[in-house]
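Asker: Once you've had a glance at the structure underneath, I'll fire off some questions.
Readers should treat all values here as calculations from the given coordinates under stated rules, not as data from a laboratory. Keep in mind it's a predicted model, so treat the numbers as computed, not measured. Methodologically, a virtual Cβ is constructed for each residue, glycine included, from the backbone with ideal geometry; neighbour enumeration extends over all protein chains shown.
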Amino acid sequence: MMTHSCRALALCTVAAAISLGGCARGGAVGSSRLTPVSDRLSDESFARDLALIAAQERRVMQAVAPATTERVRIARRALEYLALARDAYERNDRSSFPDDALAWAQADLASLTGGAAATVTSAVPMPGPAKAAHPFLAGKACYAETQSPWAQTLNGMEARAGAPIVPDRPAPVPVDERPLPERPTRCAGPERLVGVPGNVHFALDRSMLSSATREVLDRAAAALAPFPNVRVRLAGHTDVRASEAYNQALSERRVNAVRDYLAARGVSVERLETDARGELQPLVAGGSARDHARNRRVELRYVLCDGTEIPLSEELSDLQLEAIRRRQLPREKD
């Protein structure tokens, strides 16, 4: 399997061949690279990166004419890369995949506009290791889910040119027809975990663990020690304030903080699964300080080896209410 560093080196070679500016990534206006992952925290950077992807799609459609069979095939593949880049970016993929997919699309665009076309076209097929490892590419139905909105226009151009319209990938297998994995009939583990928390909480706009939260997680680590087969699914959440992109990043920091603390208390990292869900799944819908505090949480779900979850109740001992800011009234004149 191609390592991340090898894949990055290959992309740099392709980028140099088509004069895309090397491997340096930037987020300035007019750049051909996405904003660095560490800086993707504002609505402005989010909008700028999506505008860059949309601009690349328009350039592909402008470059496809004359629409021969080969040029339409390359354009379709470039649009598919851009659709995958947008899908991964909007779901806050923190890996290099959105940048890689954008670079593959730009390489195909270069082959449509001339220059290093002959050498670049064969350098950008979808790599098997990246497809198998990525959550949005591993599923069989990903082709339909990431279809570019320009695909129908390309199909019409190809039909007018008299070329057959054949998708680059086979049609996805319907979910109902996929075989389900077999589960073990017996699985050793507790039916209940007494006194174990189902969640921990955070202060407003914070991902640090309070002393009360650390005590709650100490209980969780102690309860897990006798049961090495029990896995823990950690899901990070925020309240609904701030932008969706900012909250997504904040929930990721929170869930990573809980994972790291449990690992430091002896829970194997292999037993810990993390998922950052941002503001999309509030526990309660109210707008009071207590409602917001209950939504600022990381949920802990304890799972047996057969996939069965152990039922737990909500933990409230570490709830962190934000301070109420009182409006200062003007002083009366003497």
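Asker: How big is region 199-303 in terms of Cα radius of gyration and Dmax, in angstroms?
Answerer: Rg, Dmax (Cα atoms, Å): 13.4, 41.
Asker: Arrange Phe202, Phe227, Phe46 by Cβ neighbour counts within 10 Å, fewest through most, would you?
Answerer: Listed from fewest to most nearby Cβ atoms, that is Phe227, Phe46, Phe202.
Asker: If we count every other residue with Cβ under 12 angstrom of Tyr89's Cβ, Lys/Arg +1 and Asp/Glu -1, where does the sum land?
Answerer: Local charge sum for Tyr89: -1.
Asker: Now for a separate question. Sort 245-254, 77-86, 210-219 by packing, meaning the average of other beta carbons within 10 Å per residue, with the highest value first.
Answerer: Result, highest mean first: 77-86, 245-254, 210-219.
Asker: Also, quick follow-up: In which sequence would Arg48, Arg297 go, from the one with the fewest C-beta neighbours within 10 Å to the one with the most? Walk me through the numbers before you get to the answer.
Answerer: Working: Arg48 18, Arg297 27.
Starting with the residue having the fewest Cβ neighbours, the order is Arg48, Arg297.
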